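Undergrad: Have a look at this one before I ask anything.
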Amino acid sequence: MQPNKLLVLILSLFPISLYAQQQPAQLDISVENHHYFWKSQDGLKGKQHVMPINLTYQKGTFNVGLRRAYILSKNQSPEQYGRVAHWSDTSLSLAYTAFQDKNYPLRFNLSANIPNGKATLSGDEKNAIMDGHLVWQTRLGEGLNITPGINIAHSFSDKDTMGFGISRIFRGEFDPNGDVENDKINPGDDTIIALQYSRTGKRGQIQAGLSHQHSGITKRNKQSYYQKGNLWTSDISGQFALTPYQSIYGGYSYAYRKKDKYINNQTGGLEQEAFNSNGSSHALNLGYSLNFKQRHNIGAAADYLKIKSNGYDPINALYIPARTKTGIGINYQYQITPKSQIAVSAKRFWMKDGSTPYLDKQNYRGWNLFSSIKYQF
């Protein structure tokens with residue numbers, strides 16, 4: 001999982017606003033459309049359309065969610081053509097908050113990935129899986145995953161709140177390659193521990209977090225095959241009201257993963273790699289938002305990602321050069337009624353990979369387009 005996507009998962013463990021006042025029963029339905037278009041200086045190009053459908057029901061201290069997405073992924077590069085169109089796996093979630101009226105609400109989470117998507121790809125379909133920094137979805141399906149978690153928050157004052165959470169992802173077996181027999185993968189189970197601090201003022205809020213992810217051993221055909229290094233992620237973000245109608249927001253995150261372990265074909269055991277094949281990453285974002293006439297919101301945002309080159313020598317085949325990605329976009333939201341809303345956004349991005357002794361610098365550019373409609377019952 002990419003660091004920025006992991007960060008979204010971690011922050012979702014701490015919906016501190018739910019710990020406040022109990023809300024009446026509410027059902028939310030939203031349909032989103034994500035469009036990704038990219039091309040490179042060498043004539044490589046691709047596109048992807050993802051349409052998630054989300055249902056969320058909340059009553060008192062209970063929260064239930066369901067998500068499934070239709071994915072059309074198409075690599076249009078010469079000699080790398082590949083196309084896949086299918087529904088994704090189904091994501092289910094259940095949460096219960098105890099002691100909500102106390103100063104130490106305890107939240108229990110349980111989520112599941114139901115493997116009814118397309119986990120196994122064959123032939124040219126595998127070319128439709130593209131770089132995760134160019135498109136959104138890099139997998140259409142996997143195994144049965146179960147994720148229990150528990151989180152606790154405590155307010156030390158009317159402004160300061162601390163949260164602690166721990167979750168365990170139990171991953172199920174699946175077959176990613178339809179062209180090879182007896183190559184089922186059983187990904188290792190992951191454990192995520194996260195700590196978050198939040199301070200709220202009269203005109204804004206700031207959050208800071210630290211997380212640690214330990215990945216288990218991936219097995220292929222029931223034999224230990226691979227293990228990702230432990231991942232550390234830290235982040236800080238905030239939002240500030242300039243006026244009653246204008247606000248700015250932004251954030252920074254840093255991710256570092258330790259060395260991976262690979263199977264030694266001679267001994268049959270796992271050995272830590274000689275150099276770190278994972279490059280650390282820095283991510284920045286900044287945005288501006290303006291509300292007017294009570295129903296309209298327009299904004300602009302920019303983001304920057306820097307992934308350092310990994311620890312291998314540039315002449316080594318395992319060397320991965322540094323990568324930078326910059327994006328700038330605009331967005332608009334319209335509150336149709338008190339219970340319905342639409343949103344649209346467009347972002348232009350540029351991405352550059354450093355050179356190696358065997359490959360010149362690579363430049364990519366593209367668009368991310370988004371639209372959604374949400375209705376509340």
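Undergrad: Name the long-range amide H neighbours of Ser280: under 5 Å, sequence gap of 5 or more, or other chain; modelled H, no Pro or chain starts.
TA: Excluding prolines and chain starts, which carry no amide H, the hits are Lys308.
Undergrad: When Rg is the radius of gyration of the Cα atoms in region 127-229 and Rh is its Kirkwood radius, what does Rg/Rh come to?
TA: My calculation puts Rg/Rh at 1.14.
Undergrad: Separate question: Before rounding to the nearest 500, sum -39500 (n - 2.57) across all DSSP H runs of length at least 4 in the chain and divide by the residue total; then give [θ] at 222 nm in deg cm²/dmol.
TA: Value at 222 nm, helices only: -500 deg cm²/dmol.
Undergrad: If I compute percent of Cα pairs over 38 Å apart from the structure I just sent, which labelled value in (1) 24; (2) 20; (3) 35 lines up?
TA: Of the listed options (1) 24; (2) 20; (3) 35, (2) comes from this structure.
Undergrad: Going through region 70-110, which chymotrypsin sites (Phe, Trp or Tyr not before Pro) have at most 14 other Cβ atoms within 10 Å and a DSSP loop state?
TA: The qualifying sites are Tyr81, Phe99.
Undergrad: Ignoring ligands, DNA and RNA, what percent of the accessible area of the chain is carbon or sulfur (1.4 Å)?
TA: Carbon with sulfur: 58 percent of the solvent-accessible area.
Undergrad: Could you pull out the trypsin sites (Lys or Arg not before Pro) across region 147-200 that fall in loop regions by DSSP (anything but H, G, I, E, B) with no more than 13 other Cβ atoms inside 10 Å?
TA: Answer in residue order: Lys159.
Undergrad: Roughly what percent of Cα-Cα pairs across region 50-163 reach past 18 Å?
TA: It works out to 63 percent of all Cα pairs.
Undergrad: Output needed for region 97-149: three equivalent-ellipsoid semi-axes, defined as square roots of 5 times the C-alpha gyration tensor eigenvalues, in descending order, whole Å.
TA: Semi-axes (√(5λ), whole Å): 37, 14, 6.
Undergrad: Do the alpha carbons of any pairs in Lys306/Lys361; Lys74/Lys126; Lys261/Lys308 sit beyond 18 Å of each other, and which pairs?
TA: Lys261/Lys308
Undergrad: So, one more: Along each principal axis of its Cα atoms, how long is region 76-124 end to end? Whole angstroms, biggest number first, please.
TA: 61, 21, 12
Undergrad: If you don't mind, there's one more thing I want to ask. Using unit Cβ charges (K, R positive; D, E negative) and no other charged atoms, how large, in debye to the nearest 20, is the dipole of the chain about its Cα centre?
TA: Approximately 1000 debye in magnitude.
Undergrad: On each of the three principal axes of the Cα atoms of region 255-377, give max minus min coordinate, whole Å, ordered largest first.
TA: 67, 35, 19
Undergrad: With θ set to phi - 60°, apply the Karplus curve 6.51 cos²θ - 1.76 cosθ + 1.60 along region 79-85 and write out the HN-Hα couplings as whole Hz, x wherever there is a Gly or Pro.
TA: Result, rounded to whole Hz: 6, 10, 4, x, 9, 9, 9.
Undergrad: At most 11 other Cβ atoms within 10 Å and a DSSP loop assignment: could you name the chymotrypsin sites (Phe, Trp or Tyr not before Pro) in region 115-171 that fit?
TA: Taking region 115-171 and a limit of 11 other Cβ atoms within 10 Å, the loop chymotrypsin sites (Phe, Trp or Tyr not before Pro) found are Phe156.
Undergrad: Using every alpha carbon pair in region 197-300, what percent of pairs falls into each 10 Å bin from 0 up to the bin containing the largest distance?
TA: Reading the bins upward from 0: 13, 27, 21, 16, 13, 8, 1.
Undergrad: Probe of 1.4 angstrom, ligands and nucleic acids ignored: what's the accessible area per residue over region 134-255, in square angstrom?
TA: Here the residues of region 134-255 average 52 Å² of exposed surface.
Undergrad: Follow-up. Give the distance, in whole Å, between the Cα centre of region 152-170 and the Cα centre of region 308-376.
TA: 30
Undergrad: Looking at the P(r) of region 187-257, how many percent of alpha-carbon pairs lie beyond 15 Å?
TA: The proportion of pairs with Cα distances above 15 Å equals 65 percent.
Undergrad: Positive end of the charge dipole of region 294-377 (Lys, Arg +1 and Asp, Glu -1 on Cβ, about the Cα centre): tell me which of Thr356, Pro321, Tyr332 has its Cα farthest that way.
TA: Going by the Cα projections, it comes out as Tyr332.
Undergrad: Can you compute log10 of I(q)/I(0) for region 266-336 with the Debye formula, treating each Cα as one identical point scatterer, at q = 0.18 Å⁻¹?
TA: Results for region 266-336 at q = 0.18 Å⁻¹ read -0.80.
The values are calculated or read from the model by the stated rules, or taken from the named source; none is laboratory data. All figures in this text were calculated on a predicted structure; none of them were measured in a lab. Ideal geometry is used to build each Cβ from the backbone, glycine not excepted, and the neighbour counts take in all protein chains shown. Surface areas here come from the heavy atoms of the whole protein model, side chains and all, with no ligands, DNA or RNA. Shrake-Rupley method; radii C 1.70, N 1.55, O 1.52, S 1.80 Å.
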